[in-house]
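Each value in this text was obtained by applying a stated rule to the coordinates, not by laboratory testing. Here the structure is a predicted model, which means the values were calculated and not measured. Quick reminder, even Gly has a Cβ in these numbers, built from the backbone with ideal geometry, and neighbours come from all protein chains shown.
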Amino acid sequence: MPDPTHDLLKRIAAALERLAPPAPAAPDFSRGRLFHYEPATGEFTAAPDYGLALDLLVGIDQQKQRFVQNLRRFAGALPANHALLWGSRGAGKSSLVKAAFMALSLHEAPGLRMVEIDRDAIDALPGLFARLRDRPERFVVLCDDLSFEEGASAAKSLKSALEGGVAGPPANVIFVATSNRRHLMPRGHDESKGLLATAEEAEETISASDRFGLWIGFPPMDQPSYLAAVHAYAERFDLQSAGIELKSLQWAQSRGGRSGRVAFQFIRDLAGEQGRALPV
């Protein structure tokens, strides 16, 4: 005669299997150099190599030197700091991170990998670090345009990941964030929470930014640096245009300011006008 208890246990086990997602497969980091992490599925999606060369980033020589020095130390298994690159929009923060990573991974550190995580997934950062901890590769984990708009929860997750709890932070992972704001503060506070709540969230956020040992600022780009960027791009991509400086300055004026991004957008427009393809 069938055992009703046995049948019940089988149904419970089947229900639990449906509720509990299967453990994610071990990632294959031989598929590329750059990856995007999706916390909902636990998957690492390979992305194409970043195509902009490091030497094309002009006007940020000091920032470039400091970041590359820190990254080279990390790639060589030497002590290095988590890095926060902050400052003006379009100043080249994320471009510097990716271009420096590509330069080192191609020519000096073939075991170096980059994993990008979205800023709204920062709560998953401790879990990501745990998955990378015992891997043989060394990882640059990048979060672009980071800020804590939703209060202190994400800041706490960031602090937890960078501190590493009892086990300490993984030695094979360095975290790099870019932001328009030095302390990662939200643009405004929810007044309905009260002064005490917003003050506590501000303290949590500033405390999180203090976990970055390397802060690199990017001031607004001046006109000589902007024109140098335009000429560097034009020379690299073999683009010629009469009055290129005046045209590029008019372009910047129409865009509301000068930056490396605006310079490249001008070059992209110029290449399209001349029927030329760009490699990036």
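Pop out the ³J(HN,Hα) list for the stretch 112-122 in order, Karplus 6.51 cos²θ - 1.76 cosθ + 1.60 with θ = phi - 60°, rounded to Hz; leave Gly and Pro as x.
Going residue by residue, I get 7, 10, 10, 10, 9, 10, 5, 5, 7, 10, 4 Hz, with x marking Gly and Pro.
Using 0.36 nm per residue, how much length does the chain from Asp145 to Thr41 gain when fully extended, once their Cα-Cα distance is taken away? List each step's numbers first, then the result.
Details: separation 104, 0.36 × 104 = 37.44 nm, distance 2.27 nm.
Full-extension gain reported as 35.2 nm.
Report the extension gain between Leu246 and Ser30 in nm, rounded to one decimal, defined as 0.36 nm multiplied by the number of residues separating them, less their alpha carbon distance.
Taking Leu246 through Ser30 to full extension adds about 73.1 nm, to one decimal.
Taking a spot 7 Å from the Cα of Arg89 along the direction of its beta carbon, which residues of the stretch 212-234 have an amide N less than 16 Å from it?
Output list for this probe position: 219-221.
Pull out a ≥ b ≥ c, the square roots of the eigenvalues of the alpha-carbon gyration tensor of the stretch 205-274, then state rounded if a/c is under 1.5, prolate if not and a/b is larger than b/c, and oblate in the remaining case.
Values: a/c = 2.96, a/b = 2.49, b/c = 1.19.
Prolate.
Provide the gained length on full extension for the span Arg276 to Thr5, in nm with one decimal, where the gain is 0.36 nm per separating residue minus the Cα-Cα distance.
Numbers: separation 271, 0.36 × 271 = 97.56 nm, distance 7.32 nm.
Fully extending the segment from Arg276 to Thr5 adds 90.2 nm.
Using the number of other C-beta atoms within 10 angstrom as an exposure proxy, rank Arg261, Arg181 with the fewest first.
Numbers: Arg261 20, Arg181 17.
The order, fewest Cβ neighbours first, is Arg181, Arg261.
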